[in-house]
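A quick write-up on the structure given underneath.
Each value in this text was obtained by applying a stated rule to the coordinates, not by laboratory testing. Worth saying up front: this structure is predicted, and the values here are computed from it rather than measured. Please note: Cβ atoms are built from the backbone with ideal geometry, for glycine as well, and neighbour counts cover all protein chains shown.
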Amino acid sequence: MVTNATSLSGSGLRDWIIQRATSVVLSAYFIFLLVYLICHPNINFYTWSGLFSTTAMKVFTLLALLSMVLHAWVGAWTISTDYFTERMQSSKAIWFRLFFQSFFALLLLVYLIWGIQIIWGL
């Protein structure tokens, strides 16, 4: 069995499930924030910081951040393997795809670390 080393899980079905599960988490997070903003029309800094100072909201935000990173990686990997390889049939395509995937993985890692620092105040 041949697997792609840059794939998230090595399985198209697992990547599909990860994509769907993370979209549910991101949708729940967005809907929660939207409802919160609608229910608190005169929101100020203290209300907003009070919401994000609770452990439950920090965990929910961290879960949303991890979901965003996983969702973005599966999407970027799919795009880079489908479009870069098919459109550019040469050895340059492989190097371009690896550069894109490496750059995107590093960018997502930076966003993840930065987000964790912001959420937990490290």
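Computed from backbone phi with θ = phi - 60° and the Karplus coefficients 6.51, -1.76 and 1.60, the 3J(HN,Hα) list for the stretch 71-78 is 4, 5, 5, 4, x, 5, 5, 4 Hz; x is used for glycine and proline. Note on PHE96 and VAL110: the model spin-label points, each 7 Å out from Cα along the C-beta direction, lie 2.3 nm apart.
Per-residue 3J(HN,Hα) values for the stretch 42-51, derived from phi via the Karplus relation 6.51 cos²θ - 1.76 cosθ + 1.60 with θ = phi - 60°, read 9, 6, 10, 4, 5, 5, 5, 5, x, 4 Hz in sequence order (x marks Gly and Pro). Residue-wise HN-Hα couplings along the stretch 13-21, as the Karplus relation 6.51 cos²θ - 1.76 cosθ + 1.60 with θ = phi - 60° gives them from phi, are 5, 5, 4, 5, 5, 4, 4, 6, 5 Hz; Gly and Pro carry x.
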